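Participant: First the structure, then my questions, so here it is.
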Amino acid sequence: MQHYQRIRDLREDSDLTQSELCQKLYMHKTTYTNYEQGKHTVPLDFAVTLADFYGVSLDYIAGRTNISAHNVSSSISDEAISIAQKYMSLTERNKGKLELFLDQLCEKQSEYIHNLKEA
């Protein structure tokens, strides 16, 4: 996903028009429209401003992760988020391999716990 689509989605998810957002961020609407349409690259300092405004990471703005502060429960640990980010960076083939390994590991653990209870 391109970062310009991501910033549009964030704006729309916040129920803001381009004009409303530009007023809040003290910027010209044409400049923002060019970012959102992908006509101009979003400068780093503005990406930081957007990340702070929406409460998301720069990686989320850039499309490097699909995990944002909006869709992560506060009960999920930083370690679990890190694992999810690593998973998202894998190829589909490696995701499949990892899922098979996890299934095998969970099955072995269940068998172990079952055997302990029977003993």
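The values are calculated or read from the model by the stated rules, or taken from the named source; none is laboratory data. Quick caveat: nothing in here was measured; it's all calculated off a predicted structure. Cβ coordinates were reconstructed from backbone atoms using ideal geometry, including for glycine residues, and neighbour counts include every protein chain displayed.
Participant: Quick check on Tyr4: is it hydroxyl-bearing (Ser, Thr, Tyr), assigned to a helix (DSSP H, G or I) and modelled with pLDDT of 95 or more?
Facilitator: Numbers: hydroxyl-bearing (Ser, Thr, Tyr): yes; assigned to a helix (DSSP H, G or I): yes; modelled with pLDDT of 95 or more: no.
Taking the combined requirement at face value, the residue does not satisfy it.
Participant: Here is a further query. Could you please let me know if Gln109 is surrounded by fewer than 11 Cβ atoms within 10 Å (Cβ to Cβ) and in a helix (DSSP H, G or I)?
Facilitator: So Gln109 fits the description; yes.
Participant: Any residue at all in the range 25-37 that's farther than 25 Å from Ile81 by Cα, surrounded by 13 or more Cβ atoms within 10 Å (Cβ to Cβ) and aromatic (Phe, Trp, Tyr)?
Facilitator: Looking through the range 25-37, at least one residue is farther than 25 Å from Ile81 by Cα, surrounded by 13 or more Cβ atoms within 10 Å (Cβ to Cβ) and aromatic (Phe, Trp, Tyr).
Participant: If you don't mind, there's one more thing I want to ask. Checking the structure you have, find out if any residue of the range 22-40 is free of Cβ contacts under 8 Å to residues at least 12 places away in the same chain and small (Gly, Ala, Ser).
Facilitator: No, the range 22-40 has no match at all.
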